[in-house]
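Structure record follows, encoded as C-alpha cells.
Derivation of every value follows stated rules applied to the coordinates shown; laboratory data play no part. Here the structure is a predicted model, which means the values were calculated and not measured. FYI the Cβ positions are ideal-geometry reconstructions off the backbone, even for glycines, and counts take in every protein chain you see.
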Amino acid sequence: MTALIFFFTIAALLYCCFISALLTGLRRLETVNAEPLSGFVSVIVPARNEERHIESCLSALLNQTWPADKYEIIVVDDASDDSTAQIAAQIAAQDSRITILPLAADLRCISPKKRALAAGINRSRGEYLFFTDADCVTPPCWIETMMRYFTPQTGLVASWLLVQPEASLLSRLETLDSLSLTLVGAAGFGLGVPFLANGANLAYRRALYNELHGFTGIANTASGDDDLFLLQVRQSRAWRAAFAVDRHAAVVTGANTSLAGFLMQRLRWASKTAHYPLPMQALELGVYLFFVLLLISVPLALLLHNLMPALALPVKMSLDFLFMKSGAQRVNRRVNLGEFIAAEVLQAAYIVIIGPLGLRGRFSWKERGYVKGKPG
C-alpha cells in the first residue's frame, strides 16, 4: 500500500509541475501592437456539406478591416452533395474577391482535407496563406490582427479557436473542453515549444509552405494539416512560429450537435498520436496514465480504506480550474464551477476510452470512413 500511495503522490506532483509550466507559457504570451506587415493575403476555406454555415463564414470574411484589394477568398468545395457550392457561388457572384474551386471526389485520396487545402493554395496568389473552416466565423479584425504577429522571421501564426456555447449542457461542456485544448496549445507557444494548433485559425507564409514541399511529409495521415505541419515548421528551424494572443484574432465555431459527433471528432484528433515525435508520445502517455489513475482513485480508496488515492482527483481539478480561470480571461470567457466539474469528468472518461481507440485510427468524418487514418 505504501508503494501505491507513493506512486499517486509522484503522479500528482508531476501533474502539478505540468500545469505550472503551462501557466508560465500563458504568462509569456504578449499582445503585439506593431503595425502589420504589408502583403497580399489568400484565405483558404475548405468546405464539404456546409450549407448551414457557409453564408455566415463568407459574410464575416468579406467584412474584414484588411484592405479589400489586399486579400482574396478561395472556397474549395470538396465534393459536397448539398447546397454548399450553390450558396457560395451566389455570394461570389456579388463580390470578386471570392473564387469557388470545385473538387471531384477521389476515393484514393488519403487526406481529402489536405488535398482541398493544397488545391486552394495552388489556385491562390497571396504571399500569406490564411486558413479557416466553413463552419467558423472570423472577427472583423482577424486578418489585420494575425498579420501583426508576422515578423521577418515569423513563418507561421496560430490563434484561438473558441466553441460558441448553446443551450444544451453538452455544448457548454464541449466549450470548456475545447478551451482547455486551445489554452494548452497557446501555452506551448509561450514556452517556445509549439506543438498544438488548429487549422481553423492558422496562417503561414507561402515561402514556408514551399520550403516544406507542402504537406509531403504528412501526406499519409487523414488529419494533421495543422499540428503535424506545425511540428515540421519547428523541426525546420528556419522560421519561428507565433501565437496571436489578442482576442480579436479568436475564431468562433459551433458545438457538435450530438455526443456521438463530439466523440468522433476527438477520435479523429487522437488518430494522429502515432505520428507525433517520441517526446510528445511519451508526454501524452504520461497524461493518459494519470487519467486512468484518476478514474480508479476513488474505488481504490474505498477498497484500501485509505483516502490518499482519492485526493488525486480534487488536486487535479483544482490545478485545472486555476489554469482554466487564468487562461479564460485572455479570451474574455468565464468558467462556471459546476460546468467545469462536469467537463472534467467527461474529459477523463473520453480520454481513457478514446486513447486506445485512436491508435486504431477508425473514425468517420464528413460522411467518409477511415481505418488507421486512411479511407476505408
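Around Ile19, what is the net charge, scoring Lys/Arg as +1 and Asp/Glu as -1 over all other residues with Cβ under 14 Å from its Cβ?
Neighbour charge sum, excluding Ile19 itself: +1.
Using a simple charge model, +1 on the beta-carbon of Lys and Arg, -1 on the beta-carbon of Asp and Glu, nothing else, what dipole does the range 32-257 show about its Cα centre, in debye to the nearest 20?
Dipole about the Cα centre, nearest 20: 760 debye.
Rounded to the nearest 0.05, what FRET efficiency do Leu169 and Ser38 give with R0 = 45 Å and r taken as the Cβ-Cβ distance? Could you check?
About 0.45, to the nearest 0.05.
Given 25 °C and 0.890 mPa s, compute D for the chain with the Stokes-Einstein relation, Rh being the Kirkwood radius over Cα pairs; round to the nearest whole µm²/s.
The calculation lands on 114 µm²/s.
Any idea which of Ala34, Thr257, His275 is furthest toward the positive side of the dipole for the chain, if Lys and Arg beta-carbons carry +1 and Asp and Glu beta-carbons -1?
Of the listed residues, the answer is His275.
On a C-alpha basis, how far is the centre of the range 1-74 from the centre of the range 109-169 in Å? Whole number, if you could?
10 Å
How large is the helix-only mean residue ellipticity at 222 nm for the chain, computed as the sum of -39500 (n - 2.57) over DSSP H runs with n ≥ 4, divided by its residue count, in deg cm²/dmol to the nearest 500?
-16000 deg cm²/dmol
For the range 118-255, calculate the relative contact order in percent as a whole number, restricting contacts to Cα pairs under 8 Å that are 6 or more residues apart.
43 percent
In what order do Cys16, Cys141 fall by count of nearby beta-carbon atoms within 10 Å, going from fewest to most?
Cys16, Cys141
What percent antiparallel are the DSSP beta bridges of the chain, to the nearest 5?
Beta bridges within the chain, antiparallel portion: roughly 35 percent.
Under 28 Å between alpha carbons: how many lysine pairs meet that in the chain, if sequence neighbours fewer than 8 apart on the same chain are excluded?
Count of close lysine pairs: 16.
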